Each structure stands twice: as C-alpha cells, then as structure tokens.
Amino acid sequence: MTVATWPVAELHVHIEGTLETELLVTLARRNNVELPSYDPAALRDLYRFTDLQSFLDIYYENLAVLRTEADFYDLGMAYLTRASAAGVRRAEIFFDPQTHLANGIPLDVVFGGLTRALGDARATLGISADLILCFLRHLGGRAAMETLEAALPYLDQFIGVGLDSAEVGFPPSLFTEVFAKATALGLHRVAHAGEEGGPDYVREALDLLGVERIDHGIRAIEDHDLVEILRKRQIPLTVCPLSNVCLRAIPMLGLHPLPAMLAVGLLVTVNSDDPAYFGGYVDDNLAALQREFSLDHHQMATLARNSFVASFLPEDEKRRHI
Ligand code: ES4
Ligand code: ZN
C-alpha cells in the first residue's frame, strides 16, 4: 500500500540536524574543514548511536563546517525544500546559536543566512516558517541568559525559545530566569523534556518554565497524574519516533508509546528531530508509524490536525489548515 503524504506542521526539527552528509562534504571543501572522510556514504556509516550523548558528540563536531551566511542559507533552504516535499506547510525550526558562537561565528551570520532562507522558501515553495532559538542546557543558565541578551537585536527574527542538548543532570530549574525573561519579551516557550530524563523533567518544564509545548515527552507516560495534567491542558508533545529508536530511548519502533499516547487523548504530533542523522524526514516518520502500528485514516488525520493545532500560527491561519 502506498502511503499518502499528509499536509503537516513540523514543530520539532533542529536545523543543524538537517545537515545531510552530501552538504556536509560540500561545506567542508568550501571552508577547508577537515572531515574523517569526504565520502557521504562513509560518513553516514559512522552514525551509530547508543544514546543521546553519543549522537550529540558527532553532531556538534560536524557543525564546524558552517562558517558563512551562505552556508546557513544553503542549510535552511535544503531543509525547507525537502520538508516541502514531505508535506510540511508550516515549520517551527530550532537553531543552536551557542554552538556557532563557540565556533567563532557571529549571530549576524547565523540569523542572516537562516532568515533569508525562510523568506525565499515562503516565496518559492509557499511554506511558512519561523525560528525558535534554543539554549544548550549543558552550558547552564547564565550562558543561556547571555545568549538571549545577545539575541535581543534580532527579536523580530525568532518567535520563541527552547531548551535542548544533554538532558539528564541539566534540569529545567537551571533555566527559570532566562525563561521568565523570554516570557516578558513576549516569546513562545518550549523545552525538550522526558526524552532521556524522567517525568519530573516534564513537570519542571511546565511548572518552572511555563512552556507551551514539550519536545519529546515520551517518558511522561510513566506518570499517570502527569498524563492527566497534559491531557486536560492539551499541552502538545512533539514526538520524534525515529529519533527515539536511533538514540535508544525506545528499544524498537513497535514498543513506541505514541499509539498509547494518542489513545488516551494527549495532543501528540510527529516530527523528525534531526532527520539527516535518524533516517528520515517527517513523512518517513509518519510512514514508519503507519506501517508499524497499522494506523488508520482517522489516526493519521488526527496526527496531521494536531500538528497545526499545536503550532504557533495565529488562530485564523491555523484554521485554514484544519
Ligand atoms: C537533539 Cl534528539 C536531541 N535531543 C536533545 N537535544 C538535541 N539537539 C539536537 N538534537
Ligand atoms: Zn530535538
């Protein structure tokens, strides 16, 4: 049976995680950056992950190839072109400015390239996209605050803030101040929680950071009272099934809690996370789920609808999609 491409919003994708090995090689050659190999397939063969950290180590290393405004433009455009083919009509895209700052790349270069790509993609592909600035939790709360302050001149170029990178040992409580400031600035707030960390990370993200969505949140299912809170408040969970299998948050796709989460009435969406590393874009994630769990038309339609409901589009624009 062929699998239909559903029009969706993608709410959990790291632009740095869309760097395919072909573009990685192109940028490495363009910028004279050394790689372990210049064969895209051989580089992909090195992607064998045992947990989140084993992925992050390679992911951060590869980002040394991003140097110029044109590099960030090419990265953004490549994702938006592929996402458009995957049925994505709206993308809320994470980026990690601290990684690039540490590599000596000014914010102006990062925003310049990404924002230009988003504008061109809207004009040529008809795709609506915005940026969400993520803080790297392993660098702590003070560094996050400094990053937000440095990004103030670019406030019109991102719609919200998020929290990503290594989860366990870096709880949401470290970031209350910077999220309070983001709230005061009128920014949206999301956080990775309950990917490798337990349900308490999800509770803290809700209670201390005031997040509007939880990224991943799969381990919330272990806490019945928390599930009730998420269900009653219809807090969206941006779930990434292929990512969870690749990073062994879940032993195999057949054991993924997504069908159970849907069944109890949680506002679940399907997303790609880092598609260049985890074996697929949002259409691939949806197709894998449909195949594995024999999801019916109603369940697929619910997932597609949920993605727009959970988006930060203005209500009138949301309604055009659902
Ligand atoms: C990430 Cl899968 C995942 N989890 C946490 N942080 C991340 N950054 C990029 N991908
Ligand atoms: Zn993520």
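In the set Val178, Val168, Val161, only one residue is surrounded by fewer than 17 Cβ atoms within 10 Å (Cβ to Cβ) and among the aliphatic types (A, V, I, L, M); that residue is Val168.
Whether any residue in the range 115-131 is within 22 Å of Thr68 (Cα to Cα), within 16 Å of ligand 1 (Cβ to nearest atom) and of a type in the set (Ser, Thr, Tyr) is what I want to check. No, because not a single residue in the range 115-131 is within 22 Å of Thr68 (Cα to Cα), within 16 Å of ligand 1 (Cβ to nearest atom) and of a type in the set (Ser, Thr, Tyr). Among the candidates Leu230, Leu226, the residue that is over 27 Å from Ala117 (Cα atoms) and surrounded by fewer than 24 Cβ atoms within 10 Å (Cβ to Cβ) is uniquely Leu226.
Could you tell me whether any residue of the range 45-62 is touching a Pro at 6+ places or on another chain (Cβ under 9 Å) and either aromatic (Phe, Trp, Tyr) or crowded, with 17+ Cβ neighbours inside 10 Å (or both)? Within the range 45-62, not a single residue is touching a Pro at 6+ places or on another chain (Cβ under 9 Å) and either aromatic (Phe, Trp, Tyr) or crowded, with 17+ Cβ neighbours inside 10 Å (or both).
One line per residue, one yes/no per condition, for (1) in contact with a strand residue (DSSP E or B) (Cβ under 7 Å, 6 or more places away or on another chain); (2) in a helix (DSSP H, G or I); (3) within 16 Å of ligand 1 (Cβ to nearest atom):
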{"site": "Tyr201", "(1), (2), (3)": "yes, yes, yes"}
{"site": "Leu208", "(1), (2), (3)": "no, yes, no"}
{"site": "Asp225", "(1), (2), (3)": "no, yes, no"}
{"site": "Lys232", "(1), (2), (3)": "no, yes, no"}
{"site": "Asp284", "(1), (2), (3)": "no, yes, yes"}
{"site": "Ala288", "(1), (2), (3)": "no, yes, no"}
{"site": "Arg291", "(1), (2), (3)": "no, yes, no"}
{"site": "His298", "(1), (2), (3)": "no, yes, no"}
{"site": "Ala301", "(1), (2), (3)": "no, yes, no"}
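Screening Glu146 with (1) part of a helix (DSSP H, G or I); (2) in contact with a Phe, Trp or Tyr (Cβ under 7 Å, 6 or more places away or on another chain) gives one miss only, at (2). Please indicate, with yes or no, whether at least one residue in the range 170-189 is within 16 Å of ligand 1 (Cβ to nearest atom), closer than 25 Å to His298 by Cα and in contact (Cβ under 8 Å) with a residue 24 or more places away in the chain. There is no residue in the range 170-189 that is within 16 Å of ligand 1 (Cβ to nearest atom), closer than 25 Å to His298 by Cα and in contact (Cβ under 8 Å) with a residue 24 or more places away in the chain. The C-beta contact set for the range 263-274 (first residue closer than 20 Å to Leu226 by Cα and within 14 Å of ligand 1 (Cβ to nearest atom), second residue among the β-branched types (Val, Ile, Thr) and in a loop (DSSP other than H, G, I, E, B), distance under 8 angstrom, 6+ apart or interchain) is empty. Need a quick list: helices (runs of 4 or more DSSP H) entirely within the range 18-134 having at least 2 residues that are in contact with a helix residue (DSSP H, G or I) (Cβ under 9 Å, 6 or more places away or on another chain) and in contact (Cβ under 8 Å) with a residue 40 or more places away in the chain. In the range 18-134, the matching helices (runs of 4 or more DSSP H) lie at 21-31, 52-62, 69-85, 97-102, 107-125. Put simply, of Gly265, Gly280 the only residue that is surrounded by fewer than 16 Cβ atoms within 10 Å (Cβ to Cβ) and not in a helix (DSSP H, G or I) is Gly265. Of all residues in the range 234-249, those satisfying the criterion of being within 13 Å of ligand 1 (Cβ to nearest atom) and either of a type in the set (Val, Ile, Thr) or more than 17 Å from Leu52 (Cα to Cα) (or both) are Thr238, Val239, Val245. Note on the range 135-147: residues that are surrounded by fewer than 21 Cβ atoms within 10 Å (Cβ to Cβ) and either within 27 Å of Ser311 (Cβ to Cβ) or touching a residue at least 24 places away in the same chain (Cβ under 8 Å) (or both) total 6. Reported count of residues in the range 227-244, each being within 14 Å of ligand 2 (Cβ to nearest atom) and either within 12 Å of the chain's Cα centre (by Cα) or over 11 Å from Val268 (Cβ atoms) (or both), is 7. Residues that are closer than 30 Å to Val168 by Cβ and β-branched (Val, Ile, Thr) within the range 40-93 comprise Thr50, Ile58, Val65, Ile93, listed in sequence order. Does Leu155 satisfy the condition of being part of a helix (DSSP H, G or I), among the hydrophobic types (A, V, I, L, M, F, W, C) and at pLDDT 95 or above? Here the answer is yes, as Leu155 does meet what is asked.
The values are calculated or read from the model by the stated rules, or taken from the named source; none is laboratory data. Here the structure is a predicted model, which means the values were calculated and not measured. Positions of Cβ are backbone-derived with ideal geometry, glycine not excepted, and every protein chain shown enters the neighbour counts.
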